[in-house]
Amino acid sequence: MRRLLQNFLYAAVDTAKRSAQPFRVAADFSAQALRNPLNPWSQTYMGRTWAAAFDVFESFTRNYAKPAFNLPPLKIYGQPVEVTETVVWSKPFCNLLHFAKDMEVYGKLRAKFPHPKVLIVAPMSGHFATLLRGTVEAMLPEHDVYITDWVDARDVSLKHGRFGLDDYIDYVMQMLRHLGPKTHLLAVCQPGPACLAASALMHEAKDKAKPASLTIMGSPIDARRSPTEPNRLSETRPYSWFEENMIHRVPLPYAGHGRLVYPGFLQLTAFINMNRERHTNAQYDFFKNLVKGDGDSVQKHRTFYDEYLAVLDMPAEFYLETIDKVFQRFELAEGKLKYRGHLVKPAAIKDMGLMTVEGENDDISGIGQTQAAHDLCPNIPKARKLDYIQPGVGHYGVFNGTRWRTEIQPRVRDFIRAND
C-alpha cells in the first residue's frame, strides 16, 4: 500500500494540475474579455464580479513556476548601479548565485568602504531562494553577496544519486572554499544546524576557507526550546509516519522521475494550514479588490502569492534525516551529530564571530532555539558573540520586511564588519 501511494499521489496531483490548464486559460480569456473597455459589461458590477471570479479561479489553478530575482538597479548615493545575476559554482542539487555589481560605478562610490563577502544559505524547505529577495536587496549595497539556489529535486536525474544532510554540509563547505577566506556565512532558518556543523568541521581541520563569521536567523539549533506547532508535530509522530506518509515518487515527464521526494505541494499545504484563516481572508480580500478595481492592493497580493505558491521538492533523504537528527533526536544540541562518521564539535570554533537573530513572535522556530548556538560554542570569545531578539516580528519578519531592513540588517552589517 505504501509503495502504491508513493507512486500514485504525486502523479495524480500532477495530472490534475495539467488537466486544469485548459479551464485556466479559458478563465483568463474570459476575465480579459469582461474587462475590455469595448465590452459594455465591463462597466457593470456584475461584469466586474464575474471577471474577479475568473481571476481567482485562474490563480487557484495556475502551476506556479520558479520566480526570478529580477533585482532592480541599486541606488548608491543616488547613483544607479546595475546588478547582474551569475552562476559561479554548480552541482546537481544547487547553484551558487553571485549578484555582481557594475564595478565601474560601484567601485568609485564604495572605494573607501569595506565590501565583505557574504554567503547567504537559503533554506531547502519548500520555497525557492527568491523568498529571500528582501534579504539580498538589503545586504547588496554594502556587501559582495552570494546565495544558494537549491534545485527542485524533481528536476535532478537519479544518476546523480542521493542527497542527504551530509551532502548538504559538503555543499556548504565546498562553496566556502570556492569563495575563499574571509567569507561571512548567513544561515536563514533551516540551514542553521548544517552551517554550524560545516563551520565546526572547517575550524577543527584548520581550513583556510573557514567562515569569518556565522549569523544564524530563526533556526532550529535546539528545537526543544520553546517548541512550536511544527516542532510538536515532529516529536509526536514517529519517524516511520513521515517515511510512509510524506515521501512520494516523482512521475514522468520530469527529469528526476523515479526519485523519492518530499513534494513541494505537501509542504505548501502545511504552510497554509498553519495560517489557514489568514490565507482565506487574503483570497477574499483579493476578490473584493478586483471587483473594486483597487490595482495597488491586487498587485501586492499577486506579488506575494506568485512567490509563496511557487514550491520545490526536497530529496527524501535530506527531509527524513532532518526530521530524525534535528527535530526528533536533537543530535547537534546533544553533541551527537556525526558527519560521515566524524563527530561534529562546535567547541572547536574559537576564532569566528557568532550572531543569532530571533523574532519575538516566531511560530516556526521559537525563542531560544537559535540562541542555543552560543551554548554549543563556548570557546568563541564573548566579545565576538551577539544575540538579538527582534520585537514584534514573526518568522518571515526576521529576514524580510521593514523591521529586517531598518532594525535587523544594520545590526548584521555592523557585526560582519566587526568580524571582517
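The values are calculated or read from the model by the stated rules, or taken from the named source; none is laboratory data. Quick caveat, the model's predicted, so the values are computed rather than measured. Cβ placement follows ideal geometry from the backbone for every residue including glycine, while neighbour counts extend to all protein chains displayed.
Some notes on this structure:
- Note on region 334-365: among residues that are surrounded by fewer than 22 Cβ atoms within 10 Å (Cβ to Cβ) and over 13 Å from Ala200 (Cα atoms), the one that is modelled with the lowest pLDDT is Asp363.
- Within region 287-307, residues that are farther than 18 Å from Arg62 by Cα sit with their Cβ atoms under 7 Å from residues that are hydroxyl-bearing (Ser, Thr, Tyr) and at pLDDT 90 or above, at 6+ positions apart or across chains, in these pairs: Asn289/Ser297; Val291/Thr49.
- With a requirement of 2 or more residues that are surrounded by fewer than 22 Cβ atoms within 10 Å (Cβ to Cβ), outside the structural domain of Leu376 (by TED's automatic domain parsing) and among the acidic types (Asp, Glu), none of the strands (runs of 3 or more DSSP E) lying completely within region 100-204 satisfies it.
- Scan of region 74-97 for residues that are buried (at least 17 other Cβ atoms within 10 Å of the Cβ) and either of a type in the set (Asp, Glu) or over 21 Å from Ala198 (Cα atoms) (or both), ordered by number: Leu74, Ile76, Val81, Val83
- Single condition Tyr254 does not satisfy, out of (1) touching a Leu at 6+ places or on another chain (Cβ under 9 Å); (2) among the aromatic types (Phe, Trp, Tyr); (3) modelled with pLDDT of 90 or more: (1)
- Hey, Val118 within 26 Å of Thr406 (Cβ to Cβ) and modelled with pLDDT of 95 or more or not: yes
- Pick from region 374-410, criterion small (Gly, Ala, Ser) and surrounded by fewer than 13 Cβ atoms within 10 Å (Cβ to Cβ), ranking: farthest from the chain's Cα centre (by Cα): Ala383
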